[in-house]
Amino acid sequence: MKRSVLIVEDEEDIRELLSYTLLREGYQVAAVASGEEALAVAQEKMPDLVILDLMLPGLDGLTVCRKLRANPKTAGVAIVMVTAKGEEGDIVTGLNMGANDYITKPFSRNVLLARVRAVFRNMG
């Protein structure tokens, strides 16, 4: 069965690049531009992994992460934060909020794919 990934990214070009990259690797992909959409789609589609930007309009990525973890239905979904916020404190906060991994922008396609594979490996 194909693994499913939900991309939450408000910048259209990055959202399209992530979608294209993951589709080419054989993942099922859904993509949204806001935190509110992310919570609705995650609840409905139950993705295996959420790639989550932190700086979103409306609900920010940390709030989305917290809400996903607090909901018993989505608590087990893997979360990889992808953000321009690369300070040590930001990374520690993201991981402490429940993210499985944290990637800073700009990032290479190969690093993203390797980290996605690693998260899936760790999930079993």
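The values are calculated or read from the model by the stated rules, or taken from the named source; none is laboratory data. The model shown is predicted, which means the values in this text are computed figures rather than measured ones. Note that each Cβ is placed from the backbone with ideal geometry, even for glycine, and that neighbours are counted across all protein chains shown. With ligands, DNA and RNA removed, areas are computed over all heavy atoms of the protein, side chains included. Shrake-Rupley method; radii C 1.70, N 1.55, O 1.52, S 1.80 Å.
Annotation: amide H of residue 85 within the under-5 Å range of 105, sequence separation 5 or more or interchain, hydrogens built in the peptide plane. Calculated mean residue ellipticity, 222 nm, the chain: -14500 deg cm²/dmol, from DSSP H runs (n ≥ 4) at -39500 (n - 2.57) each, averaged per residue and rounded to 500. Taking Cβ atoms as reference points and 12 Å as the exclusive limit, the residues near residue 6 contribute a net charge of -2, counting Lys and Arg as +1 and Asp and Glu as -1.
Once Rg and the Kirkwood radius are both taken over the C-alpha atoms of the chain, their ratio Rg/Rh works out to 0.91. Between residue 1 and residue 23, the contour length at 0.36 nm per residue exceeds the alpha carbon distance by 6.5 nm. Taking label points 7 Å from Cα along the Cα-to-Cβ direction, residue 12 and residue 87 give a separation of 3.2 nm.
Expressed as a whole percentage, what fraction of the accessible surface of the chain belongs to carbon and sulfur atoms when a 1.4 Å probe is rolled over the protein heavy atoms?
On the chain, the fraction of accessible area on carbon and sulfur atoms equals 51 percent.
Averaged per residue, what accessible area in Å² does the chain show with a 1.4 Å probe, protein chains only?
On the way: 6380 Å² over 124 residues.
Accessible area per residue: 51 Å².
For the range 86-93, backbone phi angles converted through the Karplus equation (6.51, -1.76, 1.60; θ = phi - 60°) give residue-by-residue couplings of x, 5, 3, x, 5, 5, 4, 4 Hz, Gly and Pro being listed as x.
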